[in-house]
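Structure below; questions to follow.
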Amino acid sequence: MAGKRMFCKEVVHSDQFLEMPASTQALYFHLGMEADDDGFLGSPKKIIKTIGAAEDDLKILLTKRFVLAFPSGILVIKHHRMNNNWDKYNCKRTVYLEEFNQLHIKENRAYTLDISQGIPVQSDYSLKTVSRIEENRIDKNRLLPAKADFHFEEENPKEPRAKKDPLTEKYEQLVQWGEHRSGVKVMARKKQYAALKSARLAEITPDRLKARWQELETKKFHEENGLDWGMVVSSFDRKA
């Protein structure tokens with residue numbers, strides 16, 4: 001989890017924010033500092049007690065919707081992705097997946113629980129609306145060139161590219177699906193494609209691969225260290 005946090009002037013310099021008591025504003029900053037990389041807080045009452053804030057300060061933040069609450073008691077900073085330059089490659093995804101999957105994201109990158117006001121936070125579009133920390137920095141070990149596509153067979157670049165069959169597209173989609181999962185391990189896409197090519201040759205279907213990923217990500221080791229398609233495909237050999 002990142003050790004630094006930022007705050008958006010559009011949020012903390014708004015009249016709605018500045019009208020709150022100083023103690024409430026201070027609580028907001030402390031909650032923002034302690035939130036995980038997706039903006040979630042598992043122990044807000046501990047923070048309130050630690051800094052000597054009052055329960056009423058939290059109630060004000062909830063009423064003004066600077067933080068959103070779930071029935072489980074988990075909180076999320078509504079404007080976390082406005083405050084911070086969220087980067088899906090460098091962040092450690094939240095452990096509060098049940099609550100995370102209830103969130104939608106607005107066009108201005110604020111979280112919402114109202115499905116009519118935003119799109120699912122896990123969708124491809126929502127990820128594109130979030131600013132990258134360093135837009136021009138490309139890790140060659142992590143990304144392929146922008147025009148590169150996922151193909152299981154070599155093809156002559158001078159010849160017209162053949163239309164992909166639906167099954168190939170399903171395997172391709174697994175790469176993005178895996179990158180959006182919690183705790184995903186950074187793995188060069190080229191290696192992911194190679195692992196999935198092996199899976200296809202072994203007649204391991206995309207549905208079976210997804211099911212195995214979801215099974216493995218509950219293991220303590222993978223919760224702490226992440227997961228990639230190489231590990232998932234290798235797990236079939238171990239179980240065979």
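The values are calculated or read from the model by the stated rules, or taken from the named source; none is laboratory data. Remember, predicted model here, so these are calculated numbers, not experimental data. Virtual Cβ from ideal backbone geometry, glycine too; neighbours counted across all protein chains shown. With ligands, DNA and RNA removed, areas are computed over all heavy atoms of the protein, side chains included. Shrake-Rupley method; radii C 1.70, N 1.55, O 1.52, S 1.80 Å.
Select from region 46-66 the residues that are in contact (Cβ under 8 Å) with a residue 24 or more places away in the chain and either buried (at least 16 other Cβ atoms within 10 Å of the Cβ) or closer than 19 Å to His80 by Cα (or both) and list them in ascending order.
Once the filter is applied, which keeps residues that are in contact (Cβ under 8 Å) with a residue 24 or more places away in the chain and either buried (at least 16 other Cβ atoms within 10 Å of the Cβ) or closer than 19 Å to His80 by Cα (or both), region 46-66 yields Ala53, Asp57, Leu58, Ile60, Leu61, Lys64, Phe66.
In the list Lys197, Lys164, Lys185, Lys210, which residue meets the criterion of being at pLDDT 60 or above, open to solvent by less than 100 Å² (accessible area, probe 1.4 Å) and under 25 Å from Ile105 (Cβ atoms)?
Details: Lys197 fails: under 25 Å from Ile105 (Cβ atoms); Lys164 fails: under 25 Å from Ile105 (Cβ atoms); Lys185 fails: at pLDDT 60 or above.
The match here is Lys210.
Has region 24-42 got at least one residue that is in contact with a His (Cβ under 7 Å, 6 or more places away or on another chain), part of a helix (DSSP H, G or I) and open to solvent by less than 60 Å² (accessible area, probe 1.4 Å)?
no
Write out, first by first residue and then by second, each pair whose Cβ atoms fall under 8 Å of each other, whose residues are 6+ apart or on separate chains, and whose first residue, in region 202-216, is more than 16 Å from Val175 (Cβ to Cβ) while the second is among the small types (Gly, Ala, Ser) and in a helix (DSSP H, G or I).
Leu216/Ser235
List, please: which pairs have Cβ atoms under 9 Å, are six or more places apart or on different chains, and start with a residue in region 29-45 that is closer than 12 Å to Phe100 by Cα and end with one that is in a helix (DSSP H, G or I) and of a type in the set (S, T, N, Q)?
As it stands, the answer is Gly39/Asn83, since those pairs meet every condition given.
Among the listed residues Arg109, Arg93, identify the single one that is without any contact (Cβ under 8 Å) to a residue 60 or more places away in the chain, surrounded by 12 or more Cβ atoms within 10 Å (Cβ to Cβ) and under 22 Å from Glu179 (Cα atoms).
Selected residue: Arg109, the only one of Arg109, Arg93 that is without any contact (Cβ under 8 Å) to a residue 60 or more places away in the chain, surrounded by 12 or more Cβ atoms within 10 Å (Cβ to Cβ) and under 22 Å from Glu179 (Cα atoms).
Kindly indicate whether any position in region 86-101 is hydrophobic (A, V, I, L, M, F, W, C) and within 22 Å of Leu18 (Cβ to Cβ).
Looking only at region 86-101, we keep the residues that are hydrophobic (A, V, I, L, M, F, W, C), and these are 86, 91, 95, 97, 100.
Keeping just the survivors that are within 22 Å of Leu18 (Cβ to Cβ) gives none.
No, because not a single residue in region 86-101 is hydrophobic (A, V, I, L, M, F, W, C) and within 22 Å of Leu18 (Cβ to Cβ).
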